[in-house]
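The values are calculated or read from the model by the stated rules, or taken from the named source; none is laboratory data. Predicted, not measured: the structure shown is a model, and the values here were computed from it. Neighbour counts are summed over all protein chains in view; Cβ atoms, including those assigned to glycine, are modelled from backbone coordinates with ideal geometry.
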Amino acid sequence: MAATQGWHSAQGRAFGGPLKYIQRAGEIGRLADHLTPLGSKAFLLVDGFVFEKLGASILASLEGSGLGLTMEKFNGECCREEIDRVTALVAEAKADMVVGIGGGKTADTAKLAAIANKARIAIVPTIASTDAPTSAIAVTYTPQGVFKESFMLPRNPDVVVVDSALIAKAPVRFLVAGIGDALSTWFEARSNLESRSDNFIAGGYPAPLAGIAIAKTCHEVLMRDALAAKLAVEKGALTPAVENIIEANTLLSGLGFENCAVSAAHGIHDGLTVLEESHGFFHGEKVAFGVLCLLMLEGRPLAEIEETARFCRSLGLPTTLADLRLGKASAADIERVAKAALKEGSITWRVAVPLSVEIVRDAIIALDAFTSSLFGAERQAH
Ligand SMILES: [Zn+2]
């Protein structure tokens, strides 16, 4: 770190985040307390599954709050068509706040529709699978789920309300995917510190010490509590480790990536979306594999790559191409991934090593060879 700190003095620094973050078991039942300070007309955009299961009880809990309420089901993809549809509905409802209830794509669509309508933003993540809820970044996809572009919005969510009991009851794969996304936070922060790249705050500034400290803490919490949290959630148990991992996946990772920026773990994730087989995997699962590729691309010591790969494997996160159902991918397929990961303006360019399609392709192939030999050998030994 010492080598990278001097440049900040000339360039300044900037920190950003949501105005409030609230995490407690049962908090979804207290939504009215958190929404009424924001305005008078709420537009609730609710993930389809949550809509069926919790829609009625959410509405019931808000009755008597004095808020005007409109509830709409999210169509499942944060794509241009859906963003335009929701934006028009928010305008029609004359809502002064948009409340996104669900996963990362619901959150991002809610943020975009709110900003377009100059409305306040509340995010209620019902799973801890990404760090989307806290940030002012929104990522859009094609209707088929291929990464399209990401936007830096002028404002972060006003409030993020996390019901940890609800999250602990969701399938454990969501929490594990969130750990994969959060795993990228410190490694990508380190990439950006080394390449002296700007963060995502107010158009881009050097990372503040607060952001760097949060990214490091995110990593420490994952290493300490991730496995205990996964095992607890598998049994439907809510423990301090689970609370810590929910905070790491949502708040620490969200603040960490926004204030320190992302790099090739997300760049390779974006590249992987060009291969159809990858669409069945969650963002954080592909990002975890992207983390391992990033470490190989940066030429990190094999001991660090092995430690990180073992961490991923202990949780069931993908560590090989075969784990992503890409075991039969050809070198040409991986080259397409590398090409997409390096398209103009891509975050992959933030990595402080020489970059080309061939270099990224070979990092992915070499990482896969390393983890395959690591775990393949173990399989044979048993
Ligand atoms: Zn992410």
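Determine if segment 120-133 includes at least one residue that is over 25 Å from Asn244 (Cβ atoms) and modelled with pLDDT of 95 or more.
Within segment 120-133, one or more residues are over 25 Å from Asn244 (Cβ atoms) and modelled with pLDDT of 95 or more.
Among the residues of segment 240-286, write down those that are among the polar types (S, T, N, Q) and within 13 Å of the ligand (Cβ to nearest atom). Reasoning before the result, please.
Let us first name the residues in segment 240-286 that are among the polar types (S, T, N, Q), namely 244, 249-250, 253, 259, 263, 273, 278.
Within segment 240-286, Asn249, Thr250, Ser253, Ser263, Thr273 meet the criteria.
One line per residue, one yes/no per condition, for (1) assigned to a helix (DSSP H, G or I); (2) modelled with pLDDT of 95 or more; (3) within 16 Å of the ligand (Cβ to nearest atom); (4) crowded, with 24+ Cβ neighbours inside 10 Å:
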position: Ala56; (1), (2), (3), (4): yes, no, no, no
position: Ser61; (1), (2), (3), (4): yes, no, no, no
position: Leu69; (1), (2), (3), (4): no, yes, no, no
position: Gly76; (1), (2), (3), (4): no, no, no, no
position: Ile83; (1), (2), (3), (4): yes, yes, no, no
position: Thr87; (1), (2), (3), (4): yes, yes, no, no
position: Ala91; (1), (2), (3), (4): yes, yes, no, no
position: Thr106; (1), (2), (3), (4): yes, yes, yes, yes
position: Ile115; (1), (2), (3), (4): yes, yes, no, no
Margin query: under 24 Å from Ala207 (Cα atoms), surrounded by 15 or more Cβ atoms within 10 Å (Cβ to Cβ) and modelled with pLDDT of 95 or more: is that true of Leu315 in this structure?
Written below: no
Next item on the list: Mind listing just one residue for me: the one in segment 247-285 that is crowded, with 24+ Cβ neighbours inside 10 Å and of a type in the set (Val, Ile, Thr) and, of those, farthest from Thr320 (Cα to Cα)?
Entry: Thr250
Note to self: When you check Phe49 against the structure, is it aromatic (Phe, Trp, Tyr) and surrounded by 21 or more Cβ atoms within 10 Å (Cβ to Cβ), yes or no?
What the structure shows: no
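Quick grid of which residues meet (1) within 18 Å of Ser135 (Cα to Cα); (2) part of a helix (DSSP H, G or I); (3) aliphatic (A, V, I, L, M):
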site	(1), (2), (3)
Ala226	no, yes, yes
Ala237	no, no, yes
Thr250	yes, yes, no
Leu255	yes, yes, yes
His266	yes, yes, no
Margin query: Checking Glu304 against (1) within 16 Å of the ligand (Cβ to nearest atom); (2) surrounded by fewer than 24 Cβ atoms within 10 Å (Cβ to Cβ): exactly one of these is not met. Which one?
Written below: (1)
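Could you say which residue among Gly178, Gly145 is within 16 Å of the ligand (Cβ to nearest atom), closer than 23 Å to Leu275 by Cα and surrounded by fewer than 19 Cβ atoms within 10 Å (Cβ to Cβ)?
Values: Gly178 fails: surrounded by fewer than 19 Cβ atoms within 10 Å (Cβ to Cβ).
Sole residue among the options that is within 16 Å of the ligand (Cβ to nearest atom), closer than 23 Å to Leu275 by Cα and surrounded by fewer than 19 Cβ atoms within 10 Å (Cβ to Cβ): Gly145.
Which ones in segment 269-293 are part of a helix (DSSP H, G or I) and touching a Phe, Trp or Tyr at 6+ places or on another chain (Cβ under 6 Å)? Give the steps one after another, and end with the answer.
First pass over segment 269-293, keeping only residues part of a helix (DSSP H, G or I): 269-272, 276-280, 283-293.
Listed by number, the residues that qualify are Asp270, Val291.
Per-residue answers, yes or no, for (1) within 13 Å of Thr185 (Cβ to Cβ); (2) among the hydrophobic types (A, V, I, L, M, F, W, C):
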{"position": "Ala232", "(1), (2)": "no, yes"}
{"position": "Lys235", "(1), (2)": "no, no"}
{"position": "Gly256", "(1), (2)": "yes, no"}
{"position": "Asn259", "(1), (2)": "yes, no"}
{"position": "Ala264", "(1), (2)": "no, yes"}
{"position": "Gly267", "(1), (2)": "no, no"}
{"position": "Leu275", "(1), (2)": "no, yes"}
{"position": "His279", "(1), (2)": "no, no"}
Item checked: Residue under evaluation Val99, criteria (1) closer than 18 Å to Gly39 by Cα; (2) within 16 Å of the ligand (Cβ to nearest atom), criterion not met -> (2)
Next item on the list: Please tell me if Leu326 is farther than 16 Å from Gly180 by Cα, more than 16 Å from the ligand (Cβ to nearest atom) and not in a helix (DSSP H, G or I).
Entry: yes
Next item on the list: Go through (1) without any contact (Cβ under 8 Å) to a residue 12 or more places away in the chain; (2) within 15 Å of the ligand (Cβ to nearest atom) and name the single condition Pro133 misses.
Entry: (1)
Next item on the list: State yes or no: is Ala309 of a type in the set (A, V, I, L, M, F, W, C) and within 23 Å of Thr126 (Cβ to Cβ)?
Entry: no
Note to self: Need pairs with beta-carbon distance below 6 Å; first residue in the same structural domain as Arg120 (by TED's automatic domain parsing) and in a loop (DSSP other than H, G, I, E, B) and within segment 139-155, second surrounded by 15 or more Cβ atoms within 10 Å (Cβ to Cβ) and of a type in the set (Ser, Thr, Tyr); sequence gap 6+ or separate chains.
What the structure shows: Val146/Thr273
Next item on the list: Filter segment 193-214 down to residues that are part of a helix (DSSP H, G or I) and not aliphatic (A, V, I, L, M) and give me whichever is farthest from the chain's Cα centre (by Cα).
Entry: Glu194
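With respect to Glu188, is the statement that it is crowded, with 24+ Cβ neighbours inside 10 Å and touching a strand residue (DSSP E or B) at 6+ places or on another chain (Cβ under 8 Å) true? Talk me through it step by step, then tell me what you get.
Values: crowded, with 24+ Cβ neighbours inside 10 Å: yes; touching a strand residue (DSSP E or B) at 6+ places or on another chain (Cβ under 8 Å): no.
Spelling it out, it is not the case that Glu188 is crowded, with 24+ Cβ neighbours inside 10 Å and touching a strand residue (DSSP E or B) at 6+ places or on another chain (Cβ under 8 Å).
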